[in-house]
Amino acid sequence: MGAPANRPPLNATFQAVNASIIEGLGQLAGYFGFSKVMGQLFGVLMLSPEPLSLDDLMERLGISKAGVSTTMRTMEHMGIVREVWVRDDRRKYYRAESDFWQILTNILRSRELRDVNQALHVLGDSAERLQEAIPDMEPEDRQLAEYYLDRLSQLQEFFRLAQMLLMSLIERAQDQPGTEHARRDGLE
């Protein structure tokens, strides 16, 4: 498999569609709290029939090699892209994960569920500290502490529901056909 630089340029329609998708994925990534570059890199890889090197990615997006490398390591850790081997080439090449259920599962497990669990931990600790301090409080402070405890309880209930929904989504995604890594896609 040769380097993608040997490909002829895309016609004007492909160029416009390619640019639109890459820009759109960059904006979508930003909406979900990821960097715009992360979305753009995923878009470039997703639209490429062959794996791309760091140099290819740098050239296509006009960003520094260090920026590409750092972002690719993050994306690889998240399971959004994976490094692939290209015969007779020592450079690192990457391919986008094509199983979107797998991507969803990876992101929900590595980021969203972790954040919800952390919020539950903080809320639980705060409620416990407040509960322990109530006996030593003045009456007006006790009343405010009871109000806080009620609000903390509501927040805990909300985050437990979020935790349950995330776990349900993760389990559902894992049950989808084809949620094994996309190495079976035959492109390598």
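Throughout, read-outs are computed from the coordinates displayed, never taken from laboratory work. Please read these numbers as outputs of a predicted model, since none were measured by experiment. Neighbour counts run over all protein chains shown; Cβ positions are idealised from the backbone, glycine included.
What FRET efficiency comes out for the pair residue 157/residue 133, r = Cβ-Cβ distance, R0 = 22 Å, nearest 0.05?
Approximately 0.50, to the nearest 0.05.
For the stretch 4-96, the Kirkwood estimate of hydrodynamic radius, built from reciprocal distances between every pair of different alpha carbons, is 13.5 Å.
For the stretch 65-136, which chymotrypsin sites (Phe, Trp or Tyr not before Pro) pass both filters: DSSP loop (anything but H, G, I, E, B) and at most 14 other C-beta atoms within 10 Å? Intermediate values should be presented prior to the final figure.
Details: sites: 85, 93, 94, 100, 101; in loops: 85.
Passing sites in the stretch 65-136 are 85.
Over the stretch 32-188, what is the relative contact order in percent, taking alpha-carbon pairs closer than 8 angstrom and at least six residues apart?
In percent, rounded to a whole number, it is 24.
Among 176, 27, 143, the residue with the largest mean-square fluctuation in a Gaussian network model of the chain, with springs joining Cα atoms closer than 10 Å, is 143. Largest GNM mean-square fluctuation among 138, 23, 157, using the chain with Cα springs under 10 Å: 138.
When the Gaussian network model of the chain links Cα atoms closer than 10 Å, the mean-square fluctuations of 41, 54, 130 top out at 130.
Can you find, among 143, 116, 105, the residue farthest towards the positive end of the dipole of the stretch 92-178? Put +1 on the C-beta of Lys and Arg, -1 on that of Asp and Glu. Final value for the positive-end residue is 105.
Can you give the relative contact order of the stretch 100-176 as a percent, counting alpha carbon pairs under 8 Å and 6+ residues apart?
About 59 percent, as a whole number.
So for the stretch 100-176, what percent of the C-alpha to C-alpha distances run longer than 22 Å? Of the Cα pairs, 41 percent sit more than 22 Å apart. Extending 7 Å from the Cα toward the beta-carbon at both residue 150 and residue 66 defines two label points whose distance is 5.4 nm.
Here, the stretch 9-54 has an Rg and a Dmax of 11.0, 33 Å when only alpha carbons are counted. Between residue 15 and residue 35, the simple label model (points 7 Å from Cα in the Cβ direction) yields a spacing of 2.8 nm. For the chain, a crude dipole built from +1 on the beta carbon of Lys and Arg and -1 on the beta carbon of Asp and Glu, taken about the Cα centre, is about 1100 debye to the nearest 20. A DSSP coil position with no more than 16 other Cβ atoms inside 10 Å describes the following trypsin sites (Lys or Arg not before Pro) in the stretch 86-148: 87, 90, 91. Across the chain, Cα-Cα pairs farther apart than 26 Å form 49% of the total.
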